[in-house]
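Novice: Below are the structure tokens for one structure; questions will follow.
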Amino acid sequence: MLSVSGLTKVFDQQPVFSGFDLTVTRNRFAVLIGPSGCGKSTFFDVLTGVTPADAGALRWQGEEVCHLGEVAAYMHQKDLLLPWFSLLENSLLPARTGGGDLHQARSRALQLFSRLGLSGYEQHLPHQVSGGMRQRCALVRTLMFNRDLILLDEPLSALDAITRKSLQSLLVLLQSEFDRTLVMITHDVDEALLLADDLYLLSVKPMAIRDKIVLHGDKPRRFDNPELLAMKETILQQLQGDIEHVAG
Amino acid sequence: MLRANLLALGILLLLLGLWEGSCRIVEVPIFILPPPSLIARTALLQAPLILPHALTTALEIICGIGLALAVAIPLAMSMFAYPWLERALSPFLVASQAIPVFALAPLLVVWLGYGMAGKVLMAAIIIFFPITVSLLEGFKGCDREYRVLFRLMGAGFWQTMRLLYWPWALPHFFAGLRVGVTVATIGAVIGEWVGAQKGLGYLMIQANARLKVDLVFALILWLSLMGLLLWFGVGWLEKKSIRWKYKQ
């Protein structure tokens, strides 16, 4: 379980968030959605340790950690593969930086390559394969972190429709087949509704959770469900209301 | 590409033709402006005289490049690792380039004598700045998402430097090196003008004093060829080192 309690970050005497609490239970897909500029990115920076928190505590599986960089893997909308390394070398990066057994890591990576349909492409450079294959390689790298918690920073927002759909399926696979807990931040309502188990609606600065919605059903969901469409309308109205309140 | 090369060759031949024709029609004395045909003949026929001097100058330039790299690379890395160091050293770096290199040459002869050391240092002073600045900018240009990824992988600074920052900055490094090597000849030749016993600059001064203007031009031609050779040499090294970029 991930527990964030009393997290506070202040910039220029203006609190970005103050006393922020969040609990994500194991093997859930938690999505934090809020309007642009509400403080999501700062929250993510504090979680990953890029920026220190001013107050508060982070706990993973009951143990306090300075930041989630120590316990979480990371996936981004870009595949973040290094163009100078082959797909296999890219997937082995967590083992190389983490000082693990490279031989063992290599065997595991090759197994994952086979499972995700990347066999035969191990020595290809990222630009030599399709966008979908690069995303699958990024997924292998994420799995090679050997960490149960995965942080997702707007993973789908700038992708074309086909790659987006393929990555949605991969994220669901991460949760269902590889038993991972996922925390995603986004400003994209569609993305949130398609993937979340627990959707946290954020208010504008100082950022706080204004609502929590628990979603059910097989994922990735489809928008032919009227209930989902109605929910999308409600969320959009709430976000819009927040933005207008700030502008007014 | 072929069209551009043909155009460049055409312009060169036209200019040489105009030069040759003007010298013959106006009958300019050869100690004022020798025709290109005489310069080419002198450059070839005097090769046994020029070659040992050219080797000395080439050695000075290569050692200068080596010295510049030995200073620029650790300096750029340190300034990237410690931003306060960059803030502290930047004014000195800029000041070092504001001083005309001609003004330093006599001092270096006094301090280091008539041997190679002064010329090597002159070349190094000219080259190290573009390399340092471009390398530092290359490091800084690394995308934030990649930095976060490496942070979450638990990579230390030097590990990140080796696997991420250095390959990332290589195209910038080579851009700086290309600029550096083309101006490196200036440093070495100025050093030789002020005080030397060997080298193309030394030979140039001797030829000029004896009004052997065709030899002076022949030496300029040799220097230009050396500059071109260095330029293409760096280009070749760049293609070998960042093959992934050229394959993209």
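Novice: Which listed residue (A:Ser107, A:Thr142, A:Leu82) has the Cα farthest towards the positive end of the charge dipole for the range A:81-146, taking +1 on Lys and Arg C-beta and -1 on Asp and Glu C-beta about the Cα centre?
Specialist: Of the options given, the answer is A:Thr142.
Novice: Pop a pseudo-label 7 angstrom from the Cα along the beta-carbon direction at both A:Gln104 and A:Asp190 and give the gap in nm to one decimal.
Specialist: 4.3 nm
Novice: Would you kindly derive the ³J(HN,Hα) couplings of the range A:72-89 from the backbone phi angles with the Karplus curve 6.51 cos²θ - 1.76 cosθ + 1.60 (θ = phi - 60°), listing them in order in whole Hz, with x for Gly and Pro?
Specialist: My calculation for the range A:72-89 gives 10, 9, 9, 10, 10, 4, 7, 6, 6, 7, 7, x, 8, 10, 5, 4, 5, 4 Hz in order.
Novice: Tell me, how many Å apart are the Cα centres for the range A:1-16 and for the range B:109-130?
Specialist: Cα centroid of the range A:1-16 versus Cα centroid of the range B:109-130: 55 Å apart.
Novice: Also, I was wondering about something else. Going by average Cβ neighbours within 10 Å, how do the peptides B:15-27, A:140-152 rank, with the highest at the top?
Specialist: The densest-packed peptide leads the list: A:140-152, B:15-27.
Novice: Another question, then. Using modelled backbone amide H atoms (1.01 Å from N, in-plane), which distant-in-sequence or interchain residues come within less than 5 Å of A:Leu32's amide H?
Specialist: Those qualifying (amide H under 5 Å, at least 5 residues apart or on another chain) are A:Met184, A:Ile185, A:Thr186, A:Tyr200.
Novice: Something else now. Please state the relative contact order of chain B as a whole percent: Cα pairs under 8 Å, 6+ residues apart?
Specialist: Averaging sequence separation for qualifying contacts and normalising by length gives 28 percent for chain B.
Novice: Sticking with this one: With everything on Cα atoms, drop me the angle between helix A:131-144 and the longest principal axis of chain A, reported from 0 to 90° to the nearest 10.
Specialist: 90 degrees
Novice: State the extension gain, in nm to one decimal, for the chain segment bounded by B:Trp111 and B:Lys245, taking 0.36 nm per residue of separation less the distance between their alpha-carbons.
Specialist: 43.8 nm
Novice: Then there's this: Looking at the protein assembly as shown, what % of its DSSP beta bridges pair antiparallel, to the nearest 5?
Specialist: Once the DSSP bridges in the protein assembly as shown are tallied, antiparallel ones form about 50 percent.
Novice: Something else now. Residue-wise, which Karplus ³J(HN,Hα) couplings in Hz belong to the range A:25-32, taking 6.51 cos²θ - 1.76 cosθ + 1.60, θ = phi - 60°, and x for glycine or proline?
Specialist: Taking θ as phi minus 60°, the curve returns 7, 4, 6, 9, 10, 9, 10, 9 Hz for the range A:25-32.
Novice: If one computes the Cα centroid of the range A:178-248 and of the range B:16-52, what distance in Å separates the two points?
Specialist: So the separation of the two Cα centres works out to 79 Å.
Novice: Further, regarding this structure: What residues qualify as long-range amide H neighbours of A:Thr51, i.e. H under 5 Å apart, gap of 5 or more or another chain, H built at 1.01 Å from N?
Specialist: A:Val46
Novice: Explain nothing, just the number: dipole magnitude of chain B about its Cα centre with +1 on each Lys and Arg Cβ and -1 on each Asp and Glu Cβ, in debye rounded to the nearest 20.
Specialist: Here chain B has a charge dipole of around 660 debye.
Novice: Can you compute the charge dipole magnitude of the range A:1-148 about its Cα centre, using +1 on each Lys and Arg Cβ and -1 on each Asp and Glu Cβ, nothing else charged? Give it in debye, rounded to the nearest 20.
Specialist: Here the size comes out at about 560 debye.
Novice: Where nothing but the Cβ of Lys and Arg (+1) and of Asp and Glu (-1) is charged, how large is the charge dipole of the protein assembly as shown around its Cα centre, in debye to the nearest 20?
Specialist: Charge dipole, the protein assembly as shown, about its Cα centre: 1540 debye, nearest 20.
Novice: A further question follows. Using 7 Å Cα-to-Cβ label points, what is the B:Leu7/B:Glu145 separation (nm, one decimal)?
Specialist: 3.8 nm
Novice: Moving to a separate point now. In degrees from 0 to 90, rounded to the nearest 10, what is the angle of the helix A:102-115 Cα long axis to the longest principal axis of chain A?
Specialist: Taking Cα atoms only, the helix is inclined about 80 degrees.
Novice: Could you tell me the center-to-center distance, by alpha carbons, between the range A:70-133 and the range B:155-217 in angstrom?
Specialist: 41 Å
Novice: Sum -39500 (n - 2.57) across every DSSP H segment of at least 4 residues in the protein assembly as shown, then divide by the residue count to get the 222 nm mean residue ellipticity, nearest 500.
Specialist: -20000 deg cm²/dmol
Novice: Still on this model: Counting pairs of alpha carbon atoms under 8 Å apart in space and at least six apart in sequence, what relative contact order in percent does the range A:81-146 give?
Specialist: 50 percent
Novice: Name the residue farthest towards the positive end of the dipole of the protein assembly as shown from the options A:Gly34, A:Phe223, A:Leu151, assuming +1 on Cβ of Lys and Arg, -1 on Cβ of Asp and Glu, about the Cα centre.
Specialist: It is A:Leu151, whose Cα lies furthest towards the positive end.
Novice: Then there's this: Tell me whether the range B:1-54 comes out rounded, prolate or oblate; compute the Cα gyration tensor, take square roots of the eigenvalues as a ≥ b ≥ c, and use a/c under 1.5 as the rounded threshold.
Specialist: The shape class here is oblate.
Coordinate-derived values only; no laboratory data. Treat the numbers as computed from the prediction; the structure is a model and nothing was measured. Neighbour counts are summed over all protein chains in view; Cβ atoms, including those assigned to glycine, are modelled from backbone coordinates with ideal geometry.
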